[in-house]
Amino acid sequence: MPHNRRQFLSATAASAAVTLLPGCSSRGSEPQMPVAYELGKPLPWVNWAGNQYCFPKHRPVPGTETEVVDALRQAQGQVRAVGAGHSFAALVPTDDTLIATDLLSGLISHDAATLQAELWAGTRLNEVGPLLAGVDQALPNMPDVDHFALGGAIATSVHGTGVRLGSLSSRIVGLTLATPSGELIECSATQHPEVFHAARVSVGALGIITRVRLQNNKSFALTETNRVEHTEDILADLDKRFAQHRHFEFMALPHSDLAATVATDLAQPGDSPKGEDDPNALNDLRRVFDAISWMPGSNLVYERLLKIAMGDSASSVRTGPSYQVFPHLRGVRFREMEYAVPAEAGPACIREILQTIRDQNIPVCFPLEYRRVDADDIWLSMFSGRPAATISVHQYGDLDYKPYFAAIEPIFWKYQGRPHWGKLHTLNATDLAALYPQHWQDFQAVRRQLDPQGKMLNPYLKKMLGA
């Protein structure tokens, strides 16, 4: 967002706030740190969003595969693995043994002829880019958050956007899995294929992935153009935009007919940056919304202010190595729900969500995120057997997300949506089995084979997997 628009939003928020009546402001009620440390008790683990926590009695931090195997063999009670802690769902919490993968980091090997590389599964995505660039390779696609650990990103089918590009898990050509019994299994499409199909998206229910072999591209540069446009104009032209650009997504602004678009393509000679990401944009948006939301007709005022501030012109251009352009700064803490609906149902689904927010006057201003992902053949991938449109719903981290998400989630069910494994949803094993009719039981069979005692299952996973 250009400087003058940032100034306009900030000034609008400040001046409008002066007119607030007592008690009218929207104050956060959700604590960002849900638990406090008590002397003499285990140190709490808390996820990035501040909505999941636990008090593990044992917290091994293995630095080698041998140490991972030993930690699994010696573990008491329930065992979970943790990387960067960016999952909103309760995948990690256990009060027994929590195994951190932080020290399993770095590039193991690479092949210049095949453009494949093997990395330790604890490597953060923001480390993967520079490591691969050093051997003239690059991930074909990345999510817009690059703090995830590679193993956790794989376990939950993390993805970017692009109709011809799948999730990160779809790029795996081989991996090594440490099982709960302390066995190391190397698997691929031809070596232990059942384990391979299950482990590429496993929510950590099979053991701990120690290393991953990825199929990459040669290093490449990207140019990203950000604009603010009318949502219906985007939806009317959506298929063309996804086909025209290597990557495309948009963020629809609730209570308005505006959306921010992000179109990204291979960089061309002469491309140069223009403007910059504004780390305060979400906070400015919230301040404006909160400052006027008490007023009669506030929706019309809010929408008018956004149009004055943002207009319809290009806001910024970013260009550079792919691993620097893909990610965006996420300095505002939030909670998130995301579903992957069949690609053809995406426009109707997001229209219904935006209309529901208007009709129910839900007090939310955090943008919705709309992306596309190609189909894959991974048993529990959200994209298994079908290309999908993913729609993400967010709420600020200090506000109660539950009423908002509860109003929107049934819309995703109506369109046969599959929830993102690392994000918030309310489905149980029966619901999920119906969404994965081809391979739900296949996954369960592999899980029972590798972990017959359910050692890797915390209460949340027992409910979600029906174990």
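The values are calculated or read from the model by the stated rules, or taken from the named source; none is laboratory data. Keep in mind that this is a model prediction, so the values were computed, not measured. For neighbour counting, all protein chains shown are included, and Cβ atoms are generated from backbone atoms with ideal geometry for every residue, glycine included. Remember, those area values only see protein heavy atoms, side chains included, never the ligands or the DNA or RNA. Shrake-Rupley method; radii C 1.70, N 1.55, O 1.52, S 1.80 Å.
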Matching entry among LEU115, LEU103 (being surrounded by fewer than 16 Cβ atoms within 10 Å (Cβ to Cβ) and not hydroxyl-bearing (Ser, Thr, Tyr)): LEU103
Residues satisfying the stated conditions in segment 284-328, i.e. of a type in the set (A, V, I, L, M) and under 24 Å from GLN268 (Cα atoms): ALA314, VAL317, VAL325
Enumeration of residues in segment 85-100 that are open to solvent by less than 10 Å² (accessible area, probe 1.4 Å) and under 17 Å from ARG211 (Cβ atoms): ILE99
Within segment 264-288, considering residues that are open to solvent by 20 Å² or more (accessible area, probe 1.4 Å) and in a helix (DSSP H, G or I), the one farthest from HIS159 (Cα to Cα): ARG287
Filter result for ASP146 (at pLDDT below 95 and under 21 Å from the mean Cα position of the chain (by Cα)): yes
The lone exception for MET295 - which of (1) surrounded by fewer than 18 Cβ atoms within 10 Å (Cβ to Cβ); (2) in contact with a strand residue (DSSP E or B) (Cβ under 6 Å, 6 or more places away or on another chain); (3) within 19 Å of ILE357 (Cβ to Cβ); (4) not basic (Lys, Arg) it fails: (2)
All helices (runs of 4 or more DSSP H) inside segment 150-263 with 3 or more residues being open to solvent by less than 10 Å² (accessible area, probe 1.4 Å): 150-155, 193-199
Residue check for ARG447: out of contact with any helix residue (DSSP H, G or I) (no Cβ under 6 Å at 6 or more places or on another chain), of a type in the set (D, E, K, R), open to solvent by 10 Å² or more (accessible area, probe 1.4 Å) and under 18 Å from HIS197 (Cβ atoms): yes
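Yes/no per residue for (1) within 30 Å of TRP294 (Cα to Cα); (2) assigned to a loop (DSSP other than H, G, I, E, B); (3) modelled with pLDDT of 80 or more:
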position: PHE8; (1), (2), (3): yes, no, no
position: THR12; (1), (2), (3): yes, no, no
position: SER15; (1), (2), (3): yes, no, no
position: SER25; (1), (2), (3): yes, yes, no
position: SER29; (1), (2), (3): yes, yes, no
position: LEU43; (1), (2), (3): no, yes, yes
position: GLY50; (1), (2), (3): yes, yes, yes
position: PRO56; (1), (2), (3): no, yes, yes
position: PRO60; (1), (2), (3): no, yes, yes
Matching residues, segment 391-408, being out of contact with any Gly (no Cβ under 9 Å at 6 or more places or on another chain) and surrounded by 15 or more Cβ atoms within 10 Å (Cβ to Cβ): SER392, VAL393, HIS394, GLN395, TYR401, TYR404, PHE405, ALA407, ILE408
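Just the residues that are β-branched (Val, Ile, Thr) and open to solvent by less than 30 Å² (accessible area, probe 1.4 Å), please, taken from segment 43-74.
Within segment 43-74, VAL68, VAL69 qualify.
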Qualifying positions in segment 450-467 - basic (Lys, Arg), farther than 20 Å from LEU177 by Cα and open to solvent by less than 90 Å² (accessible area, probe 1.4 Å): LYS462
